[in-house]
Amino acid sequence: MKILFASSEVFPYSKTGGLADMVGALGRALAEAGHRVGIVTPSYRGIRERFPEAKKLDWWLELPMANRYVQGEVWTLEPEPGLTIYFIHQPEYYDRSDLYSNGGADYADNAERFIFFCKAAVHLARYLPWQPELIHAHDWQVGCVPMLVQHQSKLGWGNAPATCLTIHNLAYQGVFPAAQFGMTNLPLEYFNPEGAEFYNHLNCLKAGIAFANVITTVSPRYAREITTEEFGCGLDGFLRDRRTRLFGILNGADYDEWNTTENPYLPFPYSARKLAGKAENKQKLQHELGLPEKAAVPLFGSVTRLAEQKGMDIQLGALEEMLSSDMQFVLLGSGATIFEKGFLKLAQRFPGKAAVRIGYDQGLAHRIEAGCDFCLMPSKFEPCGLTQIYSLRYGTVPIVRATGGLDDSVRDYAENPKTADGIKFREYSARALAKAIRKALAIYQQPDLLKKFRVNGMKMDFSWGKIVTEYERVYGIALKR
Ligand code: ADP
């Protein structure tokens, strides 16, 4: 197949979360499976300096945005055979300090920035010499892509590509004042409750859901959850109506990047058969964080966005209660000020027990995954979650709330003692999380059981190669339209 991805972030070029990991890894896996793959993404500040091998295409974009034209360039890179990255270079929109926001406030022109990006992606799909037959759009930033393609096919413009929309997180929909719809230059017939309109606002993700040939989410359980009022973020009815073309496919992990045997970030390589290196990584991490270097004390860790979604309120509550036990905790994260302050205060209250690093640090993320005994992911909701999948491979037992992809990827002792690789709890409360942490402390006292949990997790295979066939099937359905 000939597939063009459109995404506002792609690892290793840009990243704020799991979206970037998924797009980069799935793109590569599809190319390795023999498909022709392109990924179109914005050229953010610093990318061209970090990837000087990128070349400018002889292609000048000039796209209508309401009543003016906006220009842009296209730069490309071929990281491997069959895979081309297309960077949309428009400095006014993308040469900024951050991807979506600055100082906690979204950029005021995000609708304009990403509608332009959608138009650029659709334009590329139409004129690329290799003629993509399907556009795979990811999240609200490219939600308008299926709607723009729909309009092209309505106008009878040659072979319009089929479209697939993946919802990585329904909580982010790209909702803007109605007037911003003008930026699409589409007739108003697309701006109604069956299309891009949401209570007299433009809803970019809804536009994608309305017009995509198929819709996917990043875990089977989340696909079911988003059709319920509790998780539907106001779009559950709209999604229920489209249930027959909604599919849940669990994300994979890029084991070239996330492995414990050949990893430049890890001082001591280790594997399921040679676990000794894990203990050495733990000691080194304790040293790095200024925590007492004690092998006998279990170390719990979190690498996360500090957002309400991630259950940070109950995590703070549970740790407040549990840190008086013989345990240590490390957090690497950034996000909402209230949680940043909350965790910094926690570290002050429990010196020598809790270490908190506010910021974004890829290397430290790997060292925490490797050096910890348990990882905490008490999310309120979780479309897929990658951190727990990495933890499993790193032999770090995940403690997760049984929701979305967390429930799909982790196996609890109560489900099957033989295959258990993590601890699940259901109720969204600090008390329930504290109880799960107590279970972890008990498991830690039983080395054989702990090893079984670790090895079970390390043996799980979430590699993308296997998942590719599921996307091929869904793309096939989209192509039939
Ligand atoms: P989400 O996409 O909702 O943020 P995921 O668990 O799917 O959550 O993906 C999070 C990704 O971002 C993981 O690769 C994780 O290691 C990384 N990450 C999150 N916060 C940080 C941070 N502060 N520093 C480094 N990496 C981080």
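The values are calculated or read from the model by the stated rules, or taken from the named source; none is laboratory data. Note that the structure is predicted; figures quoted are calculated from it, not measured. Counting neighbours? That spans all protein chains shown, and the Cβs are built from the backbone with ideal geometry, glycine included. Side chains are part of the model used for accessible areas, which takes the heavy atoms of the whole protein and leaves out ligands, DNA and RNA. Shrake-Rupley method; radii C 1.70, N 1.55, O 1.52, S 1.80 Å.
Evaluation of residue 234 against the conditions (1) open to solvent by 30 Å² or more (accessible area, probe 1.4 Å); (2) within 16 Å of the ligand (Cβ to nearest atom); (3) within 30 Å of residue 204 (Cα to Cα) shows that the sole unmet condition is (2). Can you find a residue in the range 429-438 that is within 16 Å of the ligand (Cβ to nearest atom), touching a residue at least 60 places away in the same chain (Cβ under 8 Å), on the phi < 0 side of the Ramachandran plot and not in a loop (DSSP other than H, G, I, E, B)? Scanning the range 429-438 turns up no residue that is within 16 Å of the ligand (Cβ to nearest atom), touching a residue at least 60 places away in the same chain (Cβ under 8 Å), on the phi < 0 side of the Ramachandran plot and not in a loop (DSSP other than H, G, I, E, B).
Please work out if residue 372 is surrounded by 24 or more Cβ atoms within 10 Å (Cβ to Cβ) and either within 12 Å of the ligand (Cβ to nearest atom) or more than 18 Å from residue 444 (Cα to Cα) (or both). Criteria not met by residue 372. For residue 293, are the conditions met, namely being among the charged types (D, E, K, R), open to solvent by 60 Å² or more (accessible area, probe 1.4 Å) and touching a residue at least 60 places away in the same chain (Cβ under 8 Å)? No; evaluated as a whole, the condition is false for this residue.
When residue 418 is tested against (1) in contact (Cβ under 8 Å) with a residue 40 or more places away in the chain; (2) under 30 Å from residue 224 (Cβ atoms); (3) not polar (S, T, N, Q), exactly one condition is not met: (1). Residue count for the range 405-415 under the criterion of being in contact (Cβ under 8 Å) with a residue 24 or more places away in the chain, touching a Pro at 6+ places or on another chain (Cβ under 9 Å) and assigned to a loop (DSSP other than H, G, I, E, B): the result is 0. Residues that are open to solvent by 10 Å² or more (accessible area, probe 1.4 Å) and more than 9 Å from the ligand (Cβ to nearest atom) were ranked within the range 376-396; the one that is nearest to residue 317 (Cα to Cα) is 380.
Considering only residues in the range 351-369 that are in a strand (DSSP E or B) and open to solvent by less than 20 Å² (accessible area, probe 1.4 Å), the one that is farthest from the ligand (Cβ to nearest atom) turns out to be 354. For the range 397-414, the criterion of being within 16 Å of the ligand (Cβ to nearest atom), over 20 Å from the mean Cα position of the chain (by Cα), surrounded by fewer than 24 Cβ atoms within 10 Å (Cβ to Cβ) and of a type in the set (A, V, I, L, M, F, W, C) is met by no residue. Condition check for residue 57 on (1) in contact with a Ser or Thr (Cβ under 8 Å, 6 or more places away or on another chain); (2) closer than 26 Å to residue 205 by Cβ: one failure, at (2). The set of residues in the range 442-456 being buried (at least 17 other Cβ atoms within 10 Å of the Cβ) and either in contact (Cβ under 8 Å) with a residue 40 or more places away in the chain or of a type in the set (Asp, Glu) (or both) consists of 443, 444, 450, 453, 454, 456.
Hey, does the range 257-272 have a residue that's at pLDDT below 95 and surrounded by 15 or more Cβ atoms within 10 Å (Cβ to Cβ)? Among the residues of the range 257-272, at least one is at pLDDT below 95 and surrounded by 15 or more Cβ atoms within 10 Å (Cβ to Cβ), which makes the answer yes.
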